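The structure appears below as structure tokens.
Just so it is clear, none of the values below were taken in a lab; they were calculated from the coordinates. What you see is a predicted model, and the numbers here were worked out from it, not measured in a lab. Ideal geometry is used to build each Cβ from the backbone, glycine not excepted, and the neighbour counts take in all protein chains shown.
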Amino acid sequence: MSFSSLELQVVELLNSFPALDPLMVFLSVIGQGPLWALIGLCLFIYSSRRTAIYYGMTGISVWVVCTVLKSVLMVPRPEDIRFVVEATGYSLPSTHSAMAFATAMFLHSKAGRYSPFLWTGALLMAISRVFAGVHYPSDVIAGALIGMIMGYAWIRIIPVLDGYLEKIMDQD
């Protein structure tokens, strides 16, 4: 059994539970932008403008990396499967998964005892994309890895940017 046939079997298995369609559609639709905008707005209101801006920059950078990789790798989406949601373009990596895991990583330390909910939500969003028939498991795994790496990178970049911004402000 090849890796690709195993992946297709996983897609077919997850895709065979139509009773879960409403949940999976919800997770897929909200992951197209509304959830990330809501999180950014909450950060802006309840945390700080700077955190909200950095979160937005994290999201933009994740989207750019995923878009570039999709155009370079050109992996087609699963075919001959029941599509629960519509998706266009290429499959690898999953931008939904990348955004979900970047968010979980970026907000992990800020979320405190609610952090497990972030990670659970990210995992559910990744699974929803396979369930919906628009991604292979390797697509969401790659997206999750990209998201975690980029979320962590932004956590490490923020102090450097803050120091740079303070130096610029002190010169005025």
**Report entry** Calculated [θ] (222 nm, deg cm²/dmol) that DSSP helices of n ≥ 4 give over the chain, each run adding -39,500 (n - 2.57)
**Finding:** -24500 deg cm²/dmol
Report task. Express the relative contact order of the range 32-171 as a whole percentage, based on alpha carbon pairs under 8 Å and six or more residues apart in sequence. Result -> 27 percent
Query raised in the report: Hey, fewest Cβ within 10 Å first, where do R77, R156 land in order?
Result: R156, R77
Report summary line: Cα pairs beyond 17 Å in the range 49-126, in percent, come to 55 percent
Report task. Could you check the simple spin-label distance between F44 and F17, using points 7 Å along Cα→Cβ, in nm with one decimal? Result -> 3.7 nm
Query raised in the report: Given charges of +1 on the Cβ of Lys and Arg and -1 on the Cβ of Asp and Glu, with all other atoms neutral, how large is the dipole of the range 32-171 about its Cα centre, in debye to the nearest 20?
Result: 240 debye
Query raised in the report: So, how do all the Cα-to-Cα distances of the range 86-147 break down into 10 Å bins, in percent, from 0 on up?
Result: 27, 50, 20, 4
**Report entry** Phi-based couplings in Hz for the range 96-107 (Karplus 6.51, -1.76, 1.60; Gly and Pro marked x)
**Finding:** 4, 5, 4, 5, 5, 6, 5, 5, 4, 5, 4, 9
**Report entry** Förster radius 30 Å - calculated FRET efficiency between K167 and I60 (Cβ-Cβ, nearest 0.05)
**Finding:** 0.80
Query - Most positive-pole-ward Cα, V62, L6, V85, against dipole of the range 1-140 from beta carbon charges - result: V62
Report summary line: In degrees, nearest 10, the alpha-carbon axis of helix 3-14 is tilted away from the dominant principal axis of the alpha carbons of the chain by 90 degrees
Query - Residues in the range 45-75 reached by a label modelled at I158 [backbone nitrogen below 18 Å; 7 Å Cα→Cβ] - result: 45-63
Report summary line: Counted neighbours (other Cβ, 10 Å), sorted fewest up, put E12, E86 in the order E86, E12
Requested in this report: Would you mind checking the tilt of helix 115-131 against the longest principal axis of the Cα atoms of the chain, expressed as 0 to 90 degrees and rounded to 10?
Outcome: 30 degrees
Query - Global size of the chain as Cα Rg and Dmax, reported in angstrom - result: 17.5, 65
